[in-house]
Amino acid sequence: GNSVTQMEGPVTLSEEAFLTINCTYTATGYPSLFWYVQYPGEGLQLLLKATKADDKGSNKGFEATYRKETTSFHLEKGSVQVSDSAVYFCALINGSSNTGKLIFGQGTTLQVKP
Amino acid sequence: NAGVTQTPKFQVLKTGQSMTLQCAQDMNHNSMYWYRQDPGMGLRLIYYSASEGTTDKGEVPNGYNVSRLNKREFSLRLESAAPSQTSVYFCASSEQGAGTDTQYFGPGTRLTVL
């Protein structure tokens, strides 16, 4: 079945450090891949997405590239800020879906210290 | 636009009590979803409604029922609450339920069952 695996957290970085959060997936066909972010006390919001192989999603300085050969969608940011502290979820939707059912990873907590 | 709204924000129940979580969206979306979020487990789909008048089970439907009241509203009912249903509940919606759709999330309901 479809599944998403994220690196274990929490991840603690100093401000301006480089961020990588690893995400790998198992899916049949050609899924769409997403990163959602959850700030403290809030619901999830879309950070970026990629819908086909080799696509790069980007937003707010974050990037992730859809790598079909390694079944990965790692999240990166060159210089994190304290305001980036949040929980990050990698997720997929099966490419043939007509229901939009998201499969989530377990989430990675990022804490950025000044 | 308010987006996706949920009520209540917090609720404490005793084992065996019932309650209904309300969700509404004002984006004219066809598809709506209910998830639960538990520590270390990401979000898991409880029920979804691909379009008005239809509902289907997700990954963890036991102990829950849903009603798609109209295109805007999708409620989740706990008939006899159990401590295992202590969780944060999120409602979400998407335009068509297609594989590339973005889901928009409400702020969540934090439920504690004693």
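The values are calculated or read from the model by the stated rules, or taken from the named source; none is laboratory data. Since this is a predicted model, take the numbers as computed values, not measurements. Counting neighbours? That spans all protein chains shown, and the Cβs are built from the backbone with ideal geometry, glycine included. Ligands, DNA and RNA are excluded from the accessible area calculation, which covers all protein heavy atoms including side chains. Shrake-Rupley method; radii C 1.70, N 1.55, O 1.52, S 1.80 Å.
Some points to look at:
- Accessible area of B:Leu78 in the full protein assembly, 1.4 Å probe (Å², nearest 10): 0
- Surface composition of segment A:1-104: carbon plus sulfur atoms contribute 47% of the solvent-accessible area (1.4 Å probe, protein chains only, all chains present).
- Among the chymotrypsin sites (Phe, Trp or Tyr not before Pro) in segment A:13-83, those located in a DSSP loop and surrounded by at most 13 other Cβ atoms within 10 Å of their own Cβ are A:Phe18.
- Residues of segment B:93-108 that bury at least 50 Å² of accessible area once all protein chains are present, compared with their chain alone (1.4 Å probe, heavy atoms only, ligands and nucleic acids left out), are B:Gly99, B:Thr100, B:Thr102, B:Gln103, B:Phe105.
- At a probe radius of 1.4 angstrom, the accessible area of segment B:55-96 per residue rounds to 48 square angstrom.
- Loop GluC sites (Glu not before Pro), segment B:15-114, which have at most 13 other Cβ atoms in a 10 Å radius of their Cβ (DSSP): B:Glu59, B:Glu79
- Accessible area of A:Ser3 in the full protein assembly, 1.4 Å probe (Å², nearest 10): 50
- Of all accessible heavy-atom area on chain B, the percent that carbon and sulfur account for (1.4 Å): 48
- Cut-off of 10 Å, at most 16 other beta carbons, DSSP loop: longest stretch of chain A lacking such trypsin sites (Lys or Arg not before Pro): A:1-51
- Estimated distance in nm for a label pair at A:Ala53 and A:Thr5, the labels positioned 7 Å out from Cα along Cα-to-Cβ: 2.1
- Student exercise, segment B:18-114 dipole from Lys, Arg, Asp, Glu Cβ charges, in Debye to nearest 20: 200
- Rolling a 1.4 Å probe over the protein heavy atoms leaves B:Thr15 with an accessible area of roughly 80 Å².
- Averaged per residue, chain A has 46 square angstrom of accessible surface, using a 1.4 angstrom probe with ligands and nucleic acids left out.
- Solvent-accessible area lost on pairing A with B (1.4 Å probe, both sides summed) amounts to about 1700 Å².
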